[in-house]
1. Could you please rank Ile231, Ile188, Ile88, placing first whichever residue has the fewest other Cβ atoms within 10 Å of its Cβ?
2. Work out from phi, with θ = phi - 60° and the Karplus expression 6.51 cos²θ - 1.76 cosθ + 1.60, the ³J(HN,Hα) of each residue of region 79-87, listed in order in whole Hz, and give x for Gly and Pro.
3. Place a +1 charge on the Cβ of each Lys and Arg in region 6-142 and a -1 charge on the Cβ of each Asp and Glu, then give the dipole magnitude about the Cα centre in debye, rounded to the nearest 20.
4. To make sure I understand, if each residue's beta carbon is the centre and we count other beta carbons within 10 Å, what order do Tyr42, Tyr100, Tyr27 fall in, fewest to most?
5. Quick one: Karplus J couplings for region 227-236, per residue in order, coefficients 6.51, -1.76, 1.60, θ = phi - 60°, nearest Hz, x for Gly and Pro?
6. When the Karplus curve 6.51 cos²θ - 1.76 cosθ + 1.60 is applied with θ = phi - 60°, which whole-Hz ³J(HN,Hα) does each residue of region 22-31 get, with x for Gly and Pro?
7. If neighbour count is taken as other Cβ atoms inside 10 Å, put Glu90, Glu135 in order from fewest to most.
8. Compute the distance in nm between two label points, each set 7 Å from the Cα along the Cα-to-Cβ direction, one at Glu222 and one at Leu148.
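Readers should treat all values here as calculations from the given coordinates under stated rules, not as data from a laboratory. In this text, all values refer to a predicted model and were calculated from it rather than measured experimentally. Don't worry about glycine lacking a Cβ; one is built from the backbone with ideal geometry, like all the others, and counts go over all protein chains shown.
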Amino acid sequence: MNSYTFLQWLLFFAVYCFFGWIFESTYVSLKKLKFTNRGFLYGPFLPIYGSGAIMLLFATLPVRDSYILTFLFGMVAATLLEYVTGVIMEAVFKVRYWDYSNQPLNFQGQICLGSSLAWGVMGVLLVNVIHKPVEHLILSLPGNLTQLLAFLFVIVFAADFTLSVREALDIRSLVAKALRENEDLQKIQKRIDVIVAFANEDRQAFLEELNELKLKYSVKKEVMSSKLESINRRYKSLKRRHPSLLSKRYNQLNNKDK
């Protein structure tokens, strides 16, 4: 178990990404009574599960003969991975792909005691039950087939990952631009309110400026509505694949627009 090649590790990652996608998609689909493609990617892969499995294997293989140490090492390693991944994804994409804020003993909503304990149990099950048939399957593959499968996985995964990241970054950019446009709308609205409140002598000049501002507001409002429609459509597509998705900036934008 300690002498895996790089390509074998890569196939282990692929298998557990796929298993994770099956588990999550099945659970959410049964809960919602409709098929849900769970995850950040378009394809049938959940990288957090693949990364978690690899992290668990690295951390627990040296102590696999002890259930207690396997549990503890697996819990710590996977919890650390979950926290770092969550923080990085929220910093880069400005959205949160899971949220434990309502769970007891959570830290920043990124990790919680229940999740950590589950990771520890998963570490024990992975090393002592799940990984054995997976290991047997991967190690029994001929060298040429191992290379081919690893190559195909890298190509498909890289393409999927690139498209998914681009979509997430596009949504982030659109939301940021829309927020700036919304701020301009608020400033124009305030100017209109001030003019209406303090208009006195030059009524004609007041009406001209007021009409100009109203026209400018109307144009920007139309542009803003178009942008919001595009953002909502793309965000809902991403939300369908990951129902726990949370974006404070997206919510802020929609609340402001109201």
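1. Working: Ile231 20, Ile188 16, Ile88 10.
With the fewest neighbours first, Ile231, Ile188, Ile88 line up as Ile88, Ile188, Ile231.
2. The phi angles translate into 5, 4, 4, 4, 5, 4, 4, x, 5 Hz.
3. Numbers: 8 positive and 6 negative charges, 77 e Å.
Magnitude of the dipole: close to 360 debye.
4. Tyr27, Tyr42, Tyr100
5. Values, residue by residue: 5, 5, 4, 5, 5, 4, 5, 6, 5, 5 Hz.
6. Coupling constants for region 22-31: 4, 4, 5, 5, 5, 4, 5, 5, 5, 5 Hz.
7. Numbers: Glu90 19, Glu135 16.
Ascending number of Cβ neighbours within 10 Å: Glu135, Glu90.
8. 5.9 nm
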